[in-house]
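What follows is a single structure, written as structure tokens, with notes after it.
The values are calculated or read from the model by the stated rules, or taken from the named source; none is laboratory data. As the structure is a computational prediction, the values presented were derived from the model and not from experiment. A quick note on method: Cβ atoms are made from the backbone with ideal geometry, for glycine too, and the neighbour counts reach across all protein chains shown. SASA here: full protein model, heavy atoms, side chains in, ligands and nucleic acids out. Shrake-Rupley method; radii C 1.70, N 1.55, O 1.52, S 1.80 Å.
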Amino acid sequence: MMTSVVMLLLLLMMVFSISAVVATHGGVFSVKYKYAGQQRSLSDLKAHDYRRQLSLLAGVDLPLGGSGRPDAVGLYYAKIGIGTPSKDYYLQVDTGSDIMWVNCIQCKECPSRSNLGMDLTLYDINESSSGKLVPCDQEFCKEVNGGLLSGCTANVSCPYLEIYGDGSSTAGYFVKDVLLYDQVSGDLETASANGSVIFGCGARQSGDLSSSNEEALDGILGFGKANSSLISQLASSGKVKKMFAHCLNGVNGGGIFAIGHVVQPKVNVTRLLPDQPHYSVNMTGVQVGHTFLSLSTDASQQGDRKGTIIDSGTTLAYLPEAIYEPLVSKIITQQPDLKVQTLHDEYTCFQYTGSVDDGFPLVTFYFENGLSLKVYPHDYLFASDNFWCIGWQNSGTQSRDNKNMTLLGDLVLSNKLVFYNLESQVIGWTEYNCSSTIKVRDERTGTVHLVGSHYISSACTLTTNRVMMTLFLIALLHKLIY
């Protein structure tokens, strides 16, 4: 406890000291976001998930790269332009957090290259004629920080501090600049569009964020529910509707990421639970093969977190103990001769030479309004060395804050079109070929256009001979300490 307090006090002192520098020189500092190496152990996967838990109304088409299987490592990322003149940035797509931030020119430790196959760019406000510092008395700053910050004066920029579940943190300052993106203009055609958005330039980093990593990106693209997220800012300025969709290709990598009203494929939806920080829904049932699990308690209400969290950035899937134990038991007993082993003291694994789809049961989750989510054996089982390991994890064994939470991650959401409609406060999905196209409606003209899949090339080569990267959508504990 004392260590945590000391760390927060040091971060607080750091934020104030940087404020003085910015006020004097008009400079902006930055912070680097780090990822783990290419080869991960099963423990690394779980550790990553733990950190996560804590002018035209037309469509927008974001080029997408990456992939999301737990037997490989990486991330999904999008390419956007920032500034005048515009420079390209590759940002991690994150529906679990709100703030968009990039590494900035004053950052001494930020990465200059990445093994993901792209050139990294440090944002320099002095090289953008449209870039401006955000003062601490601006409404955006007040909303993010829950009111006017203590010590705020006219010459002080708006600081931010984000603390991750493992104690790592990034701190810096908000700036406002022009963001360039591809606006859907026709079938498989886009035209450049822009809008002014507020985003962070980090100044300090701590914990795991200070470790070196070769799979670096330029920052994070927050697509959370708060008014500070990118989707909320673009919608409030009338640039887009507050709707977006992703289809993450778990086989070939890349996929589709579009802002706008998806009209094809048709997607059944369920309501988003109100007053929740994440995209949470009410789960009503679980079926394993032909058997419905007997849920003695309302699984969606267990633990401190209400509802089932949909987070395509979490690698695995976490279930309350009352669901996890009978579900895993049904899977294992499907093959009575299995020799089950526990790897790393926590992962249920076994050797099996046949087709997993033929040998193990389909798992189906049911939600309000008749929405269901089918998870095939090739989704929830993944290879590790010479074993097949079960991707379901028991959240009943997690820490107090995450105990008995229900969180469905990328393990079960890949190869599905997931549609977030924040205008109507609903979310839905359907199984889909993420290498194909979807149809998005232009709300200004009423016309419907095709949006295709993308794959941003990567220099990574993995032992599976496929480029496979994990979508990190980090659930942040973010608030400034004042």
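If I stretch the segment between L450 and T437 completely, what's the gain in nm (0.36 nm per residue apart, minus their alpha carbon distance), one decimal?
Values: separation 13, 0.36 × 13 = 4.68 nm, distance 0.62 nm.
Separation in residues times 0.36 nm, less the Cα-Cα distance, equals 4.1 nm.
What is the extension gain from N227 to S129, computed as 0.36 nm multiplied by their sequence separation minus the C-alpha to C-alpha distance, in nm to one decimal?
Here the segment from N227 to S129 would lengthen by 32.7 nm.
Points 7 angstrom from Cα along the Cβ direction at E325 and T430: gap in nanometres?
Computed distance between label sites E325 and T430 equals 3.9 nm.
Report, to the nearest whole %, how much of the accessible area of the range 231-359 belongs to carbon and sulfur atoms, 1.4 Å probe, protein only. Can you show the working numbers first?
Numbers: 2450 of 5530 Å².
About 44 percent, which is the carbon plus sulfur part of the accessible surface.
Add +1 for every Lys or Arg and -1 for every Asp or Glu among the other residues with Cβ under 14 Å from the Cβ of T447, and state the total.
Cβ neighbours under 14 Å give a net charge of -1.
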